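The values are calculated or read from the model by the stated rules, or taken from the named source; none is laboratory data. All figures in this text were calculated on a predicted structure; none of them were measured in a lab. Counting neighbours? That spans all protein chains shown, and the Cβs are built from the backbone with ideal geometry, glycine included.
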Amino acid sequence: MSQEALTLDELRNAVRGTAAAFRSVAELQPAGGRGDKVFPPTYEGSKYAMEKRRLPGIEEPVDCVVLDSVQSQANRMELALLDAWEAKRISLPVLTVDFGGNNLEKVLRITSLEMPHRIADAILRDSLLDGKPFRKSSAGKRLDNVDVKNATALFELCPSALLFGMWDSTGPKGGLGAKFARAVVSEIVGYHAQTGRRTSSRIDPLQVQKAAGPLYVAETKDGIHWTLDHQNAVKDSKGNPKKIGKDGAPSEANLGNITPTIADGGVTISHAIQTTVISLPALRRLRFPLDNRQQDPRVDLAARTALAALALCAAELAREAGYDLRSRCQLVPTRDVKWELLLRPDEEPRRFRFSGEDSLNLFDQALKNALPTGLPWQAEELRLQPSSELVELVRKSQELAAQSVEEV
Amino acid sequence: MFALGVHYLNGWAMATHPADREIPEWPPHPDRVFMALAAAYFEADEDDAERDALTWLEGQPPPQVIATPEHRRQTVTAFVPVNDSSSPLNKRKEPIMPAGALLIGRARQPRSFPMAIPHQPVVFMVWKNSSPPLRHLSALDQMASKVASLGHSASLVQMWVAGESEIMERKGFLKKALILEPVGDPISRFRLRVFGPGRLQHLRERFNANLRPTSPLWHGYAIAHEEEVQPSIPGSHFNPDLIVFRQSAGRRFGLTSTPLLAEALRATLMSHCSQQPPPEWLSGHRPDGRRSERDGGHLAIFPLPHIGRPHADGHLLGLALAIPRDIPRKDLFACLSGLFFDEIGWPKQIRLTLGRLGECVLEMDEGQTPRAALRPATWLGPARLWATATPIALDRHIKSRQSVRELEEIIKVSCRRIGLPEPQAVVPAPVPIFTGALSSREMPRIRRKTDGGHVYHTHAVITFPCEVQGPLLIGSGRYRGYGLCRPLLQPEVQE
């Protein structure tokens, strides 16, 4: 049965019942057209994450490659939520650590949607809210006792942690801190992957020749760190003029040609598939007691429904943002993407289709339905200041990074 | 009949094998499923009906497991940001480059996430002779519907109580699936962690003490009706159900150490055999001390070398045992289970001490390793074309070393002697066929007991008139690792 829109009632019934998951499967092609090369993420050793998969109707397994991992897809969904929040398209609790006003080389503002460990991240731990260390503040202290049976504070302050997972490993309970398993898993895999070759080279417009060197290290003066004058060069411990790099070649100062090389790189694929699953049992295990009162199934359902809607939102907004995964890896969907509601194994899934805007509306309705139950929601941005120690570390890091660039 | 079905919603399973954290666990072990149900019970209201249902379940025997074979994602190392420090400087006080969405650097730790991609992402666990009372059935179904993941939290699943007709209707799935039956002894190709009475209470106690669960029982599994599937493929008089030991510690050994290692392992088996003197099929000697002349042969020990790959160097990854086909595996278990397993069925280490040469520590392999040399399929075929990994020590004295025809005939007889069909062609060669293997001259010579002379060795490529199944151990040194053959053309090894 095909259906166009997912209503709040249908969503609520799905969350309340025994349905297993919402799932979408999107077919993608390279933006450069079928057969164009794409570049998967490389792992240690310059390896791609290759695998074999069986496809229906094909006898032999096919070579596949991961184009975007589970963790990376989660990050993209969080960034899509952040973009929507900044554009005021969605109400979300967001904690921000603002490094402004500290005379840093580069001003930074980092939100909880960008932090690797979300609201449990060390940056928040090392920042101040209302003059107190975050975990000692009124908001932070509410996180100390969260767990699956008491997730209210996370719903209030960081609902994305309930979707993408969190481990409060550096809170007061250390390694025994609360763990929340993820409820959303998404991944993009390319099929019939064939590794290609890539070339690297540089043609210097100045045509600086190697023999024009050697270049020597100079004292830092007006930004130029090399000199041809060995008498004015920086000396090493033996009093000899110090060459740039190993032998003072102009290429060590990013001048001159670089000989073209050919290496393995990129893949061609027949198509890519993005599979996104939102687990409803994972949401159903969460409880949301209010103010030490007994658990109220009505409140639980409202919170879980809002979270399910937020998950759909995150997935659709990320899709809306496009699939520009990394340099030379942009994908486009080949057709409209539908969502399936997976019921019991012997039942036909129900199908829905909606846009990013539809999902935002659905989440808005779900939230408006949830808040009157008494569920808290930090709609206002919480602004934190980094501790002085953290500021100094960032300052030092920026200075060192700038120096190492100059020393090239 | 009672069954649980598991559907992996993303099409893959991310769960680490308990014996080797670099490889995925597939199929899921029954104890993992039990722990997932128990977690669902504990995380909810600890309903009495669910507790009673779990108590009933833990009293059932190990289930049948029905799952399709899998491929594995190449295990790669991802670097995940740490959370013990927010500092953008590393231990050497150097700036860490920002990566991803985070605008300041963060130290990262390596992690890998082994993953199995089954041909079809569904598994059934079937208790053929168990029928839970209706109240337990309802509670089990309720708990199953609460299970969100199996293994890593990213391994999202749907779990449910499945009916017999539902399973039988999945004809496409059943055609491709392996049906693993629990068998009487743990020395099996597959060994899975299972649960037993008291498991629920153990999990509760460990959780309350903030401790991880301890290992449960291990149980042997075999592929149901495997011989019926391939009844017509001839094989040697060795049982294709090999017992594989991987080297887990000690120095690296090459193929030249084969005779010493085989002898050391044999001596260990003999001394630990619960039946003394050890039976003829194990010792290779009759009760009066004379050499065995059993038709079915006796236990063979052979090396598992890394050969046949572009950079293979022939070093040994382990050793394997091949028992005679006519000896039931339970006899082997009866003799040697105390050497191989501890009281909960966990593999024990077997230390072989070789004096100045060092030590070789072995552990029974769980059948999950991706290393080709440790996978029985590498040595079993079936195939028509085989080549020697270790030289054949000829069964009899050769009149002329230049006589290819004579060598051919001797090798053909040796093949027939172990129950194989007569080869169609034999091509002897002094040099190895597989990269990394030793030449005939490099392999330690076997001395004849009669006159102290050396037994002639040769490599060979053997073509049979039809496919034959291994293990192929040919010639007079076959019980000590000589004459070990491998299919010359390796098909894609079923994972």
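Structure above, values below:
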{"read-out": "Residue in the range B:198-210 that is modelled with pLDDT of 90 or more, assigned to a strand (DSSP E or B) and not aromatic (F, W, Y) present", "value": "no"}
{"read-out": "Subset of the range B:152-170 (residues that are more than 8 Å from every other protein chain (Cβ to nearest Cβ), within 27 Å of the chain's Cα centre (by Cα) and modelled with pLDDT under 95)", "value": "B:H152"}
{"read-out": "Matching helices (runs of 4 or more DSSP H) fully within the range A:98-201 where at least 2 residues are facing chain B (nearest Cβ under 10 Å) and within 19 Å of A:L82 (Cβ to Cβ)", "value": "A:122-125"}
{"read-out": "Boolean, A:L390 is more than 30 Å from A:G35 (Cβ to Cβ), more than 14 Å from chain B (Cβ to nearest Cβ) and not small (G, A, S)", "value": "no"}
{"read-out": "Conditions (1) more than 12 Å from chain B (Cβ to nearest Cβ); (2) touching a residue at least 60 places away in the same chain (Cβ under 8 Å); (3) surrounded by fewer than 17 Cβ atoms within 10 Å (Cβ to Cβ); (4) assigned to a helix (DSSP H, G or I); number of the one not met by A:N361", "value": "(2)"}
{"read-out": "Members of the range A:233-260 that are in a strand (DSSP E or B), among the polar types (S, T, N, Q) and crowded, with 18+ Cβ neighbours inside 10 Å", "value": "none"}
{"read-out": "Count - residues of the range B:99-132 that are without any contact (Cβ under 8 Å) to a residue 24 or more places away in the chain and hydrophobic (A, V, I, L, M, F, W, C)", "value": "5"}
{"read-out": "The listed residue being in a strand (DSSP E or B), over 21 Å from the mean Cα position of the chain (by Cα) and modelled with pLDDT of 95 or more, out of A:L331, A:L341", "value": "A:L341"}
{"read-out": "Lone unmet requirement of (1) closer than 26 Å to B:W160 by Cβ; (2) part of a strand (DSSP E or B); (3) within 11 Å of another protein chain (Cβ to nearest Cβ) for B:F79", "value": "(1)"}
{"read-out": "Subset of the range B:430-463 [surrounded by 16 or more Cβ atoms within 10 Å (Cβ to Cβ) and of a type in the set (S, T, N, Q)]", "value": "B:S440, B:T458"}
{"read-out": "In the range B:340-363, the residues that are in a strand (DSSP E or B), modelled with pLDDT of 85 or more, surrounded by 20 or more Cβ atoms within 10 Å (Cβ to Cβ) and within 18 Å of the chain's Cα centre (by Cα)", "value": "B:I350, B:L362"}
{"read-out": "Selection from the range A:168-207 of residues that are β-branched (V, I, T), at pLDDT below 90 and more than 28 Å from A:T261 (Cα to Cα)", "value": "A:T170"}
{"read-out": "Selection from the range B:378-398 of residues that are of a type in the set (D, E, K, R) and at pLDDT below 90", "value": "B:D395, B:R396"}
{"read-out": "Breaking point among (1) outside any helix (DSSP H, G or I); (2) modelled with pLDDT under 85; (3) under 19 Å from the mean Cα position of the chain (by Cα), for B:L332", "value": "(1)"}
{"read-out": "Filtered residue count, the range A:290-321, keeping only those that are in contact with a Leu (Cβ under 9 Å, 6 or more places away or on another chain) and either assigned to a helix (DSSP H, G or I) or modelled with pLDDT of 95 or more (or both)", "value": "19"}
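Yes/no per residue for (1) more than 9 Å from every other protein chain (Cβ to nearest Cβ); (2) free of Cβ contacts under 8 Å to residues at least 60 places away in the same chain; (3) under 31 Å from the mean Cα position of the chain (by Cα); (4) surrounded by 18 or more Cβ atoms within 10 Å (Cβ to Cβ):
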{"site": "B:E46", "(1), (2), (3), (4)": "yes, yes, no, no"}
{"site": "B:D52", "(1), (2), (3), (4)": "yes, no, no, no"}
{"site": "B:T55", "(1), (2), (3), (4)": "yes, no, no, no"}
{"site": "B:G59", "(1), (2), (3), (4)": "yes, no, yes, no"}
{"site": "B:A67", "(1), (2), (3), (4)": "yes, no, yes, yes"}
{"site": "B:N83", "(1), (2), (3), (4)": "no, yes, no, yes"}
{"site": "B:M97", "(1), (2), (3), (4)": "no, yes, no, no"}
{"site": "B:L134", "(1), (2), (3), (4)": "yes, yes, no, no"}
{"site": "B:L137", "(1), (2), (3), (4)": "yes, no, no, no"}
